[in-house]
Amino acid sequence: MELALVLPFVVALLMAIVAVGLVVRDQLAVWHAAAAAARSASIYPDEPNKAQLAAEEEVTIRPLVVDVSRDGYMITATVVAPRTIRWWLIGNTSTLFSLRASVTMHVQEVG
């Protein structure tokens with residue numbers, strides 16, 4: 001009897017732990033993509049499309065939106081990955097939240 005009362009709460013708690021773990025995993029991947037984009041942008045500061053490609057090569061999360069900004073000798077790459085859910089009953093997709101990470105590096109003098 002007690003198991004029937006407690007089991008739904010235990011299952012819900014386990015599902016919440018798994019969901020939080022997946023969000024943390026994706027946030028770490030977005031940070032890693034931002035680091036790769038910043039590294040690429042620091043080497044090729046006049047070619048922001050290389051930062052987008054570098055971020056996409058590092059992680060499998062899609063879509064990734066990469067924004068590169070330069071302030072003197074510092075360059076910042078910001079990566080945003082919207083997290084969506086597909087409602088299978090009605091066929092629509094909703095954006096729940098966006099994962100975001102920024103990394104700043106010094107512009108490298110290459111060549």
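Observations, loosely collected:
- Evaluating kT/(6 pi eta Rh) at 37 °C and 0.692 mPa s, with the Kirkwood radius of the chain over Cα pairs in the Stokes-Einstein relation, gives 205 µm² s⁻¹.
- Approximating the spin labels as points 7 Å out from Cα along Cα→Cβ, the residue 69-to-residue 47 distance works out to 2.5 nm.
- Sequence ranges 45-54, 8-17, ranked by mean other-Cβ count within 10 angstrom, highest first: 45-54, 8-17
- Value of [θ]222 nm, deg cm²/dmol, for the chain, DSSP H segments ≥ 4, -39500 (n - 2.57) each, nearest 500: -17000 deg cm²/dmol
- Its Cα centre serving as origin, the chain has a Cβ charge dipole (Lys and Arg +1, Asp and Glu -1) of approximately 280 debye.
- The chain: angle of helix 2-43 to the longest principal axis, Cα-based, in degrees nearest 10: 10 degrees
- Using a cutoff of 8 angstrom between alpha carbon atoms and counting only pairs six or more residues apart, the relative contact order for the chain works out to 26 percent.
- Listed residues 63, 85, 97: farthest to the positive end of the dipole of the chain (Cβ charges): 85
- Counting Lys and Arg as +1 and Asp and Glu as -1 over every other residue whose Cβ lies under 14 Å from the Cβ of residue 100, the net charge comes to -1.
- Extension gain, residue 20 back to residue 7 (0.36 nm per residue minus Cα-Cα distance, nm): 2.7 nm
- Of the GluC sites (Glu not before Pro) found in segment 1-109, those that fall in a DSSP loop while having at most 15 other beta-carbon atoms within 10 Å are 109.
Read-outs throughout are calculated quantities, based only on the coordinates presented, and are distinct from any laboratory measurement. Nothing here was measured: the structure is a model prediction, and the numbers come from that model. Positions of Cβ are generated from backbone atoms using ideal geometry, with glycine treated the same way; all protein chains shown enter the neighbour counts.
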